[in-house]
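Take a look at the structure below.
The values are calculated or read from the model by the stated rules, or taken from the named source; none is laboratory data. These figures come from a predicted structure and were not determined experimentally. When we count neighbours, we look across all protein chains shown, and the Cβ atoms used for this are built from the backbone with ideal geometry, even at glycine.
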Amino acid sequence: MSFQSEIVSWYLKNKRDLPWRGTTDPYVIWLSEIILQQTRVEQGKPYFLKFLENYPTVKDFANAAEEQVLKLWQGLGYYSRGRNMLYTAKHIAEHYGGQFPKSYSELVKLKGVGSYTAAAISSFSSNERQAVVDGNVYRVLARYFGIEEPINSNTGQKLFADLAKELIADQEPSVYNQAIMEFGALQCKPKSPLCIECPVQLGCEAFKLKKVDQLPVKLKKVKIRKRWFNYFVAISNDEILTKQRMPGDVWQHLYDFPLIETEGEASIANEEFQTQVTKLFGKQLELKVLESKKHVLTHQIIYVQFFAIDNYIVNFNKHTEIKSVKINDFKQLPHPKIIGDFVEKHID
DNA sequence: AACACGGGGGT
DNA sequence: ACCCCAGTGTT
């Protein structure tokens, strides 16, 4: 039996029952695929169900407000996915008459849809012969064919894309694509793959050469930046100060608190820090540390301190991005995870 | 080609 | 501590 037939046969026996399987509606598949970008199935599943319930069709999605979309997205990360989804939903409602495209060539033009997602949607929705190449596929192919070319080099990308295209040539595109990804996720896992009970063990180059744990090869790792965020929790009566984050940094368009970023750990005793606080709020304030946390992202570690500002009087300079809103309204806004967690813990 | 973009889970 | 996850957009 060929590699592909073994994979498909394994899939039919071992596939998970997932809520987006079994539909050919390109809108629903798009929903699931965007959510699953760089996201584990188990983490994405509740978000998929939530989005489908709130926006049963692409027209429903197109009518949503960005704040509502981002609120539903809260906690999932890579928020540009949510923003791009709304943009694309509006685009489809307007230019496609609400009819979600199914072909690779149309799909790949959509914002937030790259070659992987276009291949996934087109093959799952209409069985178009487009090979998916995601993290799973890179891993399975690198191991089975013993490919040492880095998966994120220029030549590597092309090499794997060509190989994947060859392999799907005589297969049912929809089933085969899902099969190889499911195989990578459950059997040919990054760590502790199940080689002992693997249906393609005999043909696997990496297994033969005992290099399973060394493949695939991936270039470089980015340097992690350390940052120090000092947030000010200013409540007076039933209002709280909030600030929407702007483009050019993490958590774009999400709402957090007035913030002073420092080059190192800030303390109340530090004079320069006090000066900055005074400048930001226009007067001397008494600060109290509420909580300190370390927030780890892929590319930066953020040391977060929350300071309480007691007896704050609402007289905030209207020139800044900072606004005073009702606490109940504030809670409805989309927040970074670290802020959402803080609010849930400390603010009634 | 390199980097930015979140958060969580596995080892 | 490090790697990876049903990747894409920008520079």
Unique match (being in contact with a Pro (Cβ under 9 Å, 6 or more places away or on another chain) and of a type in the set (Ser, Thr, Tyr)) among A:125, A:115:
A:125
Considering each residue of segment A:319-343, count those that are aliphatic (A, V, I, L, M), under 21 Å from residue A:277 (Cβ atoms) and either at pLDDT 95 or above or not assigned by TED's automatic domain parsing to the domain that holds residue A:290 (or both), and give that number.
2
Would you mind finding the one in A:59, A:50, A:90, A:109 that is away from DNA strand B (no atom under 14 Å from the Cβ) and closer than 26 Å to residue A:157 by Cα?
A:109
Of the residues in segment A:6-38, those that are assigned to a loop (DSSP other than H, G, I, E, B) and in contact with a Leu (Cβ under 7 Å, 6 or more places away or on another chain) come to A:19
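May I ask you to list the residues in segment A:63-103 that are more than 19 Å from the chain's Cα centre (by Cα) and farther than 24 Å from residue A:123 by Cα? Don't jump to the end; show me each part of the working.
First pass over segment A:63-103, keeping only residues more than 19 Å from the chain's Cα centre (by Cα): A:63-65, A:90-103.
Matches in segment A:63-103: A:63, A:64, A:65, A:94.
Using the structure shown, decide if residue A:27 is away from DNA strand B (no atom under 13 Å from the Cβ) and under 23 Å from residue A:7 (Cβ atoms).
Details: away from DNA strand B (no atom under 13 Å from the Cβ): yes; under 23 Å from residue A:7 (Cβ atoms): no.
So residue A:27 fails the test.
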Do we have residue A:156 as in the same structural domain as residue A:187 (by TED's automatic domain parsing), within 13 Å of DNA strand B (Cβ to nearest atom) and closer than 20 Å to residue A:40 by Cα here?
no
Among residues of segment A:199-211, those that are surrounded by fewer than 19 Cβ atoms within 10 Å (Cβ to Cβ) and either closer than 15 Å to residue A:139 by Cβ or charged (D, E, K, R) (or both), counted
4
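Take residues that are of a type in the set (Val, Ile, Thr) and on the phi > 0 side of the Ramachandran plot and tell me which of the helices (runs of 4 or more DSSP H) falling wholly in segment A:238-348 contain 1 or more. Lay out the reasoning, then the answer.
On the way: elements: A:271-281, A:327-332, A:337-346.
Once the helices (runs of 4 or more DSSP H) in segment A:238-348 are filtered for at least 1 residues that are of a type in the set (Val, Ile, Thr) and on the phi > 0 side of the Ramachandran plot, nothing remains.
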Quick check on my filter: what residues within segment A:63-87 are within 14 Å of DNA strand B (Cβ to nearest atom), within 19 Å of residue A:53 (Cβ to Cβ) and outside any helix (DSSP H, G or I)?
A:74, A:75, A:76
Output the residues belonging to segment A:246-259 that are among the charged types (D, E, K, R) and either touching a residue at least 24 places away in the same chain (Cβ under 8 Å) or not assigned by TED's automatic domain parsing to the domain that holds residue A:277 (or both).
A:256
If you take the residues of segment A:205-249 that are within 25 Å of residue A:292 (Cβ to Cβ) and among the small types (Gly, Ala, Ser), which of them is nearest to the chain's Cα centre (by Cα)?
A:234
Against the conditions (1) in contact with an Asp or Glu (Cβ under 9 Å, 6 or more places away or on another chain); (2) more than 12 Å from DNA strand C (Cβ to nearest atom), where does residue A:52 fall short? Just the number, please.
(1)
